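Engineer: Quick one: this structure, given as structure tokens, is what I'll be asking you about.
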Amino acid sequence: MITLTNEEENLKNFINGEWIEVTNKEKVYNPANGEVLVNVPNSDTTAIHQAAESAFLAQKEWASVPAPQRAELLYKVGNIMKERKERLSQLLTLENGKVIEEARGEVQEGIDMAFYMAGEGRRLFGQTTPSELKDKFAMSQRCPVGVVGIITPWNFPIAIATWKSFPAIVAGNAVIWKPSSETPLMANELAKIFKEAGLPKGVLQVVYGSGATIGQAMIDHEAIRVISFTGSNETGRKVAMECGKQLKKVSLEMGGKNAVIVMEDADIDLAVEGILWSAFGTSGQRCTACSRVIVHKDVRDVLEQRLLEVMKDLTIGDGLDSKNKVGPIINQAGLDKILKYMEIGKNEGAKLVAGGKQVTIDNYEKGFYFAPTLFTDVTIDMRIAQEEIFGPVVSLIEVKDFEEAIAANNKVKYGLSSSIFTQDVNRVFQAQRDLDTGIVYVNAGTTGAEIHLPFGGTKGTGNGHRDSGVQALDVFTEWKAVYVDYSGRLQRAQIDTDA
Ligand code: NDP
């Protein structure tokens, strides 16, 4: 059984390399048992002013460190994370609820990101290109933007922070991080790891507090040049509007309404496995969770029957017990939202064929558990097929052919992830072309991103940026074009072209 230290139970902000006490604290609960887990600072805006001042000074120094040396630090961070993987995973499960196997996977994602982004320290490629003039050299290079603010959600409390902070740091920026109020422990751990690895003070700082106060203060602070946000569509819209007022660069990764398409020629057992993993993993609280299954009419009945059979085997309970496959929902508000959608679905005419209710676990009566749920007879326009429920709830939508399946997938306001199960190579290529999401899987569920590929979505899911992959660097760098004229005379572009 994992125990917390006093320091972990009473968290402090991490500003300018020091742990700073804040008197006003909020309680954070363990979703598995509803007990208080830690006390976290409910900071006011002065913390952001202090952090921004330190970051501003620290960034100038940090940017002057050669990128391969900055990368060395990420290798150290990755190695420390590797040594601590098991404890980090258990802490993650304690504060977030996801089952331990998935927590380990999430920590591994952070480790992978450290090594991948460390590699970027020896790349960070720009371009050279011929000049239109003689004896002139032209190139472009990436430059750090300066101080960046990152705002993260609770559902991937360490992975998403690494997707953002590691590229920012290797590119020479200073980072101020506001983690979700629900999951501060992972932020504390990552700050400790950076300190141990020897990151200069002020290059990464953590300020806890509400989004409305601390998130807004980050947006308002003129020294913070970029906001990289992951969270709900509703909050992302507000963040974008506030950043827009100040012409501040903003990267948004938001919700999803992801679908698995099962065609008539699909390997049904494989499809069932894929749906189970992507719909009920993390209790359906992944941005890439499968919440719609679009199934060809010829295999609809068999798919429903097989799904119902395997859903019965999903053991629900405390994520620290490795026999459990479905952990708790994050909190009461999350549970209430899912319950509300049960009523919406039934009132819309969908048929509730499994789950649909809160679950009480012996000795964990105050935990927030919800049964894996399946609605059938769902039509594409129903709210349960359109809105992000963020729980272990799947809607089965029947279609007559491939074209209708693609259209059904695309007819939502989100565009994060989609998947198709089929054996037909022509359909595979048509689907990957026509599915309008940022991520497409073939013969796999809607989850399973790898950190060296771009992660993000189209339409209501994002605003064109990507986390992870080399594309993550675009958020945290500016392009500079440099012209070096070695002709010894003034050459005028577009005028002296035949000189
Ligand atoms: P929220 O939008 O509620 O919160 C996200 C973050 O924004 C939190 O740190 C929150 O702080 C902060 N915040 C809240 N209000 C403001 C504000 N006015 N200004 C600035 N920051 C603010 O999302 P959740 O934490 O509930 O996360 C779940 C959501 O995230 C889902 O919609 C999910 O799909 C999405 N998500 C998207 C991913 C993607 O890559 N596309 C990946 C993972 C999740 P606090 O809560 O502490 O007040």
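Derivation of every value follows stated rules applied to the coordinates shown; laboratory data play no part. Source: prediction; values computed, not measured. Neighbour counts run over all protein chains shown; Cβ positions are idealised from the backbone, glycine included.
Engineer: Once you place label points 7 Å from the Cα toward the Cβ at Asp269 and Lys357, how far apart are they in nm?
Structural biologist: 3.3
Engineer: State to the nearest 20 debye the size of the charge dipole of the stretch 154-214 about its Cα centre, where the only charges are +1 on K and R beta carbons and -1 on D and E beta carbons.
Structural biologist: Numbers: 5 positive and 3 negative charges, 31 e Å.
With Lys and Arg at +1 and Asp and Glu at -1, about 140 debye.
Engineer: Now for a different question. Any chance you could run the full-extension gain for Val482 through Lys340? It's 0.36 nm times the residue separation minus the Cα-Cα distance, nm to one decimal.
Structural biologist: Values: separation 142, 0.36 × 142 = 51.12 nm, distance 5.67 nm.
Length gained, Val482 through Lys340: 45.4 nm.
Engineer: Using the Cα centre as the reference, give the magnitude of the dipole from point charges on the C-beta atoms of the chain (Lys, Arg: +1; Asp, Glu: -1; all else neutral), rounded to the nearest 20 debye. Mind dumping the intermediate values first?
Structural biologist: Values: 54 positive and 65 negative charges, 251 e Å.
Approximately 1200 debye in magnitude.
Engineer: Strictly over 26 Å apart at the Cα level, which of Lys82/Lys195; Lys178/Lys249; Lys337/Lys413; Lys27/Lys337; Lys201/Lys245 would you flag in this model? If you can, show how the numbers build up before the last one.
Structural biologist: Numbers: Lys82/Lys195 16 Å; Lys178/Lys249 17 Å; Lys337/Lys413 19 Å; Lys27/Lys337 21 Å; Lys201/Lys245 31 Å.
Where the Cα-Cα span goes over 26 Å, the pairs concerned are Lys201/Lys245.
Engineer: Quick one: length gained pulling Ser131 to Arg87 fully straight, 0.36 nm per residue minus the C-alpha distance? Present the calculation step by step, with values, prior to reporting the outcome.
Structural biologist: On the way: separation 44, 0.36 × 44 = 15.84 nm, distance 5.46 nm.
Extending this stretch completely gives an extra 10.4 nm.
Engineer: Residues with beta-carbon under 15 Å from that of Thr45, excluding Thr45: net charge, scoring Lys, Arg +1 and Asp, Glu -1? Intermediate results must be reported in sequence, preceding the final value.
Structural biologist: Values: positive: Lys178; negative: Asp44, Glu53, Asp220, Glu222, Glu242.
The answer is -4.
Engineer: Pairs to check: Lys312/Lys346; Lys248/Lys459; Lys357/Lys400; Lys340/Lys400. Give those whose C-alpha atoms are more than 27 Å from each other in this structure.
Structural biologist: Values: Lys312/Lys346 21 Å; Lys248/Lys459 21 Å; Lys357/Lys400 31 Å; Lys340/Lys400 30 Å.
From Lys312/Lys346; Lys248/Lys459; Lys357/Lys400; Lys340/Lys400, over 27 Å: Lys357/Lys400; Lys340/Lys400.
Engineer: Let me make sure I get this right: for the stretch 248-390, a, b and c are the square roots of the gyration tensor eigenvalues over alpha carbons, sorted descending. Under 1.5 in a/c it's rounded, otherwise prolate if a/b > b/c, else oblate. Which is it? Walk me through the numbers on the way to the answer.
Structural biologist: Details: a/c = 1.44, a/b = 1.18, b/c = 1.22.
The shape class here is rounded.
Engineer: Looking at the chain, do any whole DSSP H helices span at least 15 angstrom along their long axis by alpha carbon and average 1.0 or above on Kyte-Doolittle, and which? If you can, show how the numbers build up before the last one.
Structural biologist: On the way: long enough: 45-64 (29 Å, -0.16); 67-83 (25 Å, -0.46); 85-96 (16 Å, -0.73); 100-120 (30 Å, -0.30); 159-170 (17 Å, 1.12); 184-197 (20 Å, 0.16); 233-245 (18 Å, -1.07); 268-280 (17 Å, 1.39); 300-311 (16 Å, -0.11); 332-348 (24 Å, -0.65).
Taking the DSSP H segments of the chain (at least 15 Å long, mean hydropathy at least 1.0), we get 159-170, 268-280.
Engineer: Further question on the same structure: Rounded, prolate or oblate: which one fits the chain, using the alpha carbon gyration tensor with axes a ≥ b ≥ c (rounded when a/c is under 1.5, else prolate when a/b beats b/c, else oblate)? It would help to have the intermediate numbers written out before the result.
Structural biologist: On the way: a/c = 2.13, a/b = 1.31, b/c = 1.63.
Note, shape of the chain comes out oblate.
Engineer: What does DSSP give for the chain in terms of the percent of beta bridges that are antiparallel, rounded to the nearest 5? Walk me through the numbers before you get to the answer.
Structural biologist: Working: 31 of 72 bridges.
Percentage antiparallel, nearest 5: 45.
Engineer: In the chain, which longest range has no GluC sites (Glu not before Pro) that are both DSSP loop (not H, G, I, E or B) and surrounded by at most 16 other Cβ atoms within 10 Å?
Structural biologist: On the way: sites that count: Glu21, Glu35, Glu132, Glu222, Glu264, Glu365, Glu450.
In the chain, the maximal stretch lacking such sites is 265-364.
Engineer: Quick one: Cα centre-to-centre distance for the stretch 254-318 and the stretch 129-202, in angstrom?
Structural biologist: After rounding, the separation between the Cα centres reads 35 Å.
Engineer: Amide H to amide H, which residues 5 or more places from Tyr29 or on other chains are under 5 Å from it, using H placed in the peptide plane?
Structural biologist: HN-HN under 5 Å from Tyr29: Leu37.
Engineer: Additional query: For every helix of n ≥ 4 consecutive DSSP H residues, a contribution of -39,500 (n - 2.57) applies; sum these over the chain, divide by its total residues, and give [θ] at 222 nm rounded to the nearest 500 deg cm²/dmol.
Structural biologist: Rounded to the nearest 500, the figure is -11500 deg cm²/dmol.
Engineer: Further question on the same structure: For the stretch 383-478, calculate the relative contact order in percent as a whole number, restricting contacts to Cα pairs under 8 Å that are 6 or more residues apart.
Structural biologist: Details: 117 pairs, mean separation 21.8, N = 96.
The value is 23 percent.
Engineer: Hey, got the dipole for the stretch 6-133? About the Cα centre, +1 on K and R Cβ, -1 on D and E Cβ, debye to the nearest 20?
Structural biologist: Details: 14 positive and 21 negative charges, 74 e Å.
Computed about the Cα centre, the dipole is about 360 debye.
Engineer: Among Ala191, Thr230, Gln141, whose Cα sits farthest toward the positive end of the charge dipole of the stretch 136-234 (+1 at Cβ of Lys/Arg, -1 at Cβ of Asp/Glu, about the Cα centre)?
Structural biologist: After comparing all options, I get Gln141.
Engineer: What percent does the relative contact order of the stretch 74-186 come to when contacts are Cα pairs within less than 8 Å and at least six residues apart? Before the final figure, lay out the partial values.
Structural biologist: Values: 153 pairs, mean separation 32.9, N = 113.
RCO, the stretch 74-186: 29 percent.
Engineer: Going by Cα centres, the stretch 411-480 and the stretch 84-122 are how many Å apart?
Structural biologist: Value for the Cα centre distance between the two parts: 22 Å.
Engineer: Same structure again: Need the list of aspartates and glutamates near Lys192 for cross-linking: C-alpha distance under 15 angstrom, and skip anything on the same chain fewer than eight residues off.
Structural biologist: Output for Lys192: Glu7, Glu8, Glu9, Glu18, Glu83.
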